[in-house]
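First comes the structure, then the notes that go with it.
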Amino acid sequence: MIDPSKTKIILGPPGTGKTTTLINIVGELTQNRDIPVEKIGYFTFTRDAALEAKRRLNLKGSRSQYFSTLHALSKRELGIDSSEILTEKILRVFVEQNLDLAKGTVASSRDEERKMSMYAFLEYMQNTGQNAEQAFRDHSFTNFTVAQVESLAQDVEQYKKETGLYSFSDMIRLYTKSLQGVKTGPVEYLIIDEAQDLTPLQWRLVEELSQTVKEVYIAGDDDQAIYQWSGADVDYFIDLQGDVRVLDKSYRLPRAVFDKAQSIVGRIKHRRPKIWAPRDEEGSVRNILALDQLDLTKDSWMILVRNQAHVRKLKHHFERHGIIFMDETRMNHYSVARSILDWLLAIDRWQRGSRAPSDIPIIEKHTTFSKNVWHEMDWIDLLNKPKMSNRLIAYISKIKKAGANQAISDLRSKRVILTTMHRSKGRECKNVIAMDHMSKKTWYGFSFDRDAEYRVRYVAFTRALQNLYILGGSRRGIHV
């Protein structure tokens, strides 16, 4: 248990400056109370958030060793080398090689999706510390049987023993155990950011770290807890006791977007109540049935989908209209369109005289012309069209009509971004389109746990700096 008498809870609704508040707390501790920064533990949910905190505080080297994720802290304190980690990539390959789809399932074109689901379920079990039977009761998972999951989980454990690899949950568990009973921990002041996304395993580590510190600062927003599917325990954060402070002014949301977001969050049954206000600007919210109702050739746009199943339809729309977009719907996803646009940037550099050797293989990928004519020809004429589909050729031709300079500008500025609602967390954009469509599996989960889906929509809506567009027209939607 975390001692409530030394715990300060900071609730940060969207755009209220939670990170700035935490940075100011570090400044207060170091500058006004003369606490060495090495005695402060600032632990975030993502590596990028930790790097941002270090950048703002100008921390480098050993002075920043306790500004990290909890996984990185555990790895360093246990002395585990990076080569000893069972990474996501390794585990995914292991699942693909050892999952026998013929046992209890019918092999089909959805095999890849099933393998991904199995990986996600194993991750859920590790994060929550549950066995397969317990996890099945709490998770909308229908692709496999309990026996199949238990069998593969045992195979993973055996693989770790044979290879000496540690999973991320192993590191958290081992480091938590090492702290039990110690009188002096690694830090004296503990700051936890995005606490609503911590798993039960991570909360146990936070509990152990808190035993030996003087003050605990825990920040987050339970209304933005969107990782329950991977084991996050938002109820722990909601029930946490301490001195509560609500950051009560959003610098992001205009009134119209704020009101729409409040209509969603008001449907969540289990949450911490918060009183806060939008910025003093009206903004707009509009329901639409098709992207054709909007002009996406101007301004910045973020298009948010709930599931990967809806991505292809949106991509085709962008291609038909010659709109350059960044596809960020998958981690490490590299689309054909992005490949062409990287080629365009390389040609632009070459034609402006910045002829980097690394550009040559990028350019040669799509053209058979020799490099002595690259600076003379129109960029679309350089493309080796027989290597491309007619649809891609048509897309590039439409991009050309807007002009190469405009295309390059749109690419560099990421003017149009296609991503998922989950990946949009922590970001903002002038115009946001939230697609109110769900896959069959998500709709099934929604019927059992509505709070989780309302939180996902809340996060999506609150990315909008000015205008929010809700793309409806599906029977599987929240219908807001």
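Against the condition in contact with a His (Cβ under 8 Å, 6 or more places away or on another chain), of a type in the set (Val, Ile, Thr) and either closer than 17 Å to GLY15 by Cα or free of Cβ contacts under 8 Å to residues at least 60 places away in the same chain (or both), how does ILE238 come out, does it pass?
yes
If ILE80 satisfies all but one of (1) assigned to a loop (DSSP other than H, G, I, E, B); (2) under 20 Å from GLY17 (Cα atoms); (3) of a type in the set (A, V, I, L, M, F, W, C), what's the number of the condition it fails?
The number of the failed condition is (2).
Run GLU215 past the list (1) open to solvent by 20 Å² or more (accessible area, probe 1.4 Å); (2) farther than 23 Å from LYS54 by Cα; (3) among the charged types (D, E, K, R) and report the number of the one that doesn't hold.
Among (1) open to solvent by 20 Å² or more (accessible area, probe 1.4 Å); (2) farther than 23 Å from LYS54 by Cα; (3) among the charged types (D, E, K, R), the lone unmet condition for GLU215 is (2).
Select the helices (runs of 4 or more DSSP H) contained entirely in the stretch 84-186, then report the ones holding at least 1 residues which are modelled with pLDDT under 70.
So the answer is 111-128.
Determine whether ILE35 is touching a residue at least 60 places away in the same chain (Cβ under 8 Å) and within 28 Å of VAL265 (Cβ to Cβ).
Considered against the rule, which asks whether it is touching a residue at least 60 places away in the same chain (Cβ under 8 Å) and within 28 Å of VAL265 (Cβ to Cβ), ILE35 comes out as no.
So, of the residues in the stretch 238-262 that are of a type in the set (Gly, Ala, Ser) and more than 30 Å from ARG204 (Cβ to Cβ), which turns out to be most open to solvent (accessible area, probe 1.4 Å)?
Across the stretch 238-262, the extreme among qualifying residues is ALA256.
Taking the options ALA219, ALA232, name whichever one is of a type in the set (Gly, Ala, Ser) and in a strand (DSSP E or B).
ALA219
So, in the stretch 401-419, how many residues would count as being surrounded by fewer than 17 Cβ atoms within 10 Å (Cβ to Cβ) and closer than 15 Å to LEU345 by Cβ?
8
Can you pull out every residue in the stretch 225-237 that is out of contact with any Ser or Thr (no Cβ under 8 Å at 6 or more places or on another chain) and either open to solvent by less than 10 Å² (accessible area, probe 1.4 Å) or at pLDDT 95 or above (or both)?
Across the stretch 225-237, the qualifying residues are ALA225, ILE226, VAL234, ASP235, TYR236, PHE237.
For MET326, which of the numbered conditions (1) at pLDDT 75 or above; (2) over 24 Å from HIS437 (Cα atoms); (3) surrounded by 15 or more Cβ atoms within 10 Å (Cβ to Cβ) fails to hold?
Among (1) at pLDDT 75 or above; (2) over 24 Å from HIS437 (Cα atoms); (3) surrounded by 15 or more Cβ atoms within 10 Å (Cβ to Cβ), MET326 violates only (2).
I'd like the residue in the stretch 67-86 that is of a type outside the set (D, E, K, R) and touching a residue at least 40 places away in the same chain (Cβ under 8 Å) and, out of all such residues, is surrounded by the fewest Cβ atoms within 10 Å (Cβ to Cβ).
Step by step, filter the stretch 67-86, then rank; the result is LEU78.
When you go through (1) closer than 27 Å to ASN24 by Cβ; (2) surrounded by fewer than 15 Cβ atoms within 10 Å (Cβ to Cβ) one by one for LYS183, which number turns out not to apply?
Among (1) closer than 27 Å to ASN24 by Cβ; (2) surrounded by fewer than 15 Cβ atoms within 10 Å (Cβ to Cβ), LYS183 violates only (1).
Is there any pair with a first residue in the stretch 246-265 that is at pLDDT 95 or above and assigned to a loop (DSSP other than H, G, I, E, B) and a second that is surrounded by fewer than 21 Cβ atoms within 10 Å (Cβ to Cβ) and of a type in the set (Phe, Trp, Tyr) whose Cβ atoms are under 6 Å apart and which are 6 or more apart or on different chains, and what are they?
Filtered contacts from the stretch 246-265: ASP248/TRP276.
The values are calculated or read from the model by the stated rules, or taken from the named source; none is laboratory data. Note that this is a predicted model, so its numbers are computed, not measured. Positions of Cβ are backbone-derived with ideal geometry, glycine not excepted, and every protein chain shown enters the neighbour counts. Side chains included, ligands, DNA and RNA excluded: accessible areas come from the protein's heavy atoms. Shrake-Rupley method; radii C 1.70, N 1.55, O 1.52, S 1.80 Å.
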